[in-house]
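Below: one structure, written as structure tokens.
No value in this document is a laboratory result; all are computed from the given coordinates. Fair warning: this is a prediction, and the values are worked out from it, not measured in the lab. Using ideal geometry, Cβ is built from the backbone for each residue, glycine included, and neighbour counts are taken over all protein chains shown.
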Amino acid sequence: MGKITISTLNRMKADGEKIAVMTSYDASFTQQIEAAGMDVILIGDSLGNVIQGHESTLPVTVDDMVYHTANVMRVSRRTMVIADMPFMSHGTPKQALDTAGRLMKEGGAHMVKIEGGAPQLETVHHLTARAVPVCGHLGLMPQSIHQLGAYRVQGRGEHEGERILKDAVALQEAGAQMLVLECVPAVLAEEITRALDIPVIGIGAGVETDGQVLVLYDMLGITMHGKPSFVHDFLADTGSVQGALAAYVKAVKDATFPGKEHSFS
């Protein structure tokens, strides 16, 4: 397969082929991730937790994201690469455009990811109208941890589920070309996936999304604050980093991961 683009991912969704996504933050792991057959790399602001040792993603700066995105892009040859827009870097459409410009021009990202629903619609439209590809992010949004009070499942209950579904449709209409759903009930994630034309990537959202993403360090069993319930330790199964990555890709493609034990009802 040649270079993966959003057109590739759209075709995969249409054909029912699962999309395998993994976070990466440096050149060495990126080479291993690409060799395993990953479709997409996400430079997540999760680097604030797993690389920098912060308790949340909030301290991560645009400079941090540009630096780590550039690390990945220096060796990436095949995967599509998405970079997170960090906390307080997209408070206005103009600020968001400046941030996205840096992530794409200096970092080399192919797409940027923004957390949030209705409050972000104007920004998403502003970016996509100016040739900036956008991936939305709904459900559990780590940048909102101080509002949420805890990392917990989102979308339980009819009203909250309807709100997330409405936000997902609105993000697509605003121009978003992908969506990440984090920690939502599997039934809701399946409903959203079927409602949207764009690829939907789940993390703790059941097996019926168009693909899966995990934080690299989590799936290798390298966790500072305990393993999230939606994560499987693939390194423990295989004994090598390359084996773990290949096993993850296979499990996503075969729809054997996530299992019911990694999902929420």
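Some observations on this one:
- Under the convention that each Lys and Arg Cβ holds +1 and each Asp and Glu Cβ holds -1, the size of the dipole of the chain around its Cα centre is about 520 debye.
- Net charge of the neighbourhood of Ala129, taken over other residues with C-beta under 14 Å away and scored Lys/Arg +1, Asp/Glu -1, is 0.
- Violating pairs (Cα-Cα greater than 31 angstrom) within the set Lys113/Lys227; Lys13/Lys227; Lys3/Lys260; Lys94/Lys250; Lys166/Lys253: Lys3/Lys260; Lys94/Lys250
- Contour minus Cα-Cα distance for Thr128 and Leu97 (0.36 nm per residue): 10.2 nm
- Gaussian network model of the chain, springs between alpha carbon atoms under 10 Å - residue of Ile201, Ile41, Ile51 with greatest fluctuation: Ile51
- For segment 30-41, backbone phi angles converted through the Karplus equation (6.51, -1.76, 1.60; θ = phi - 60°) give residue-by-residue couplings of 4, 4, 5, 5, 5, 4, 7, x, 5, 8, 9, 10 Hz, Gly and Pro being listed as x.
- Structural descriptor for segment 6-262: relative contact order 18 percent, calculated from alpha carbon pairs under 8 angstrom and at least 6 residues apart.
- Debye-formula intensities of the chain, expressed as log10 I(q)/I(0) at q = 0.10, 0.14 Å⁻¹, are -0.43, -0.91 (one equal scatterer per alpha-carbon, no solvent).
- Where trypsin sites (Lys or Arg not before Pro) fall in DSSP loop in segment 3-63, at most 11 other Cβ within 10 Å: Lys3
- Helix-only [θ]222 nm of the chain, DSSP H runs n ≥ 4, -39500 (n - 2.57) each, per residue, nearest 500: -11500 deg cm²/dmol
- 3J(HN,Hα) from dihedral phi, segment 197-205, Karplus parametrisation 6.51/-1.76/1.60, rounded to Hz, x for glycine, proline: 8, 7, x, 10, 10, x, 9, x, 10
- According to the calculation over all Cα-Cα pairs in segment 1-147, the P(r) per 5 Å bin from zero is 2, 10, 20, 22, 21, 16, 8, 2, 0 %.
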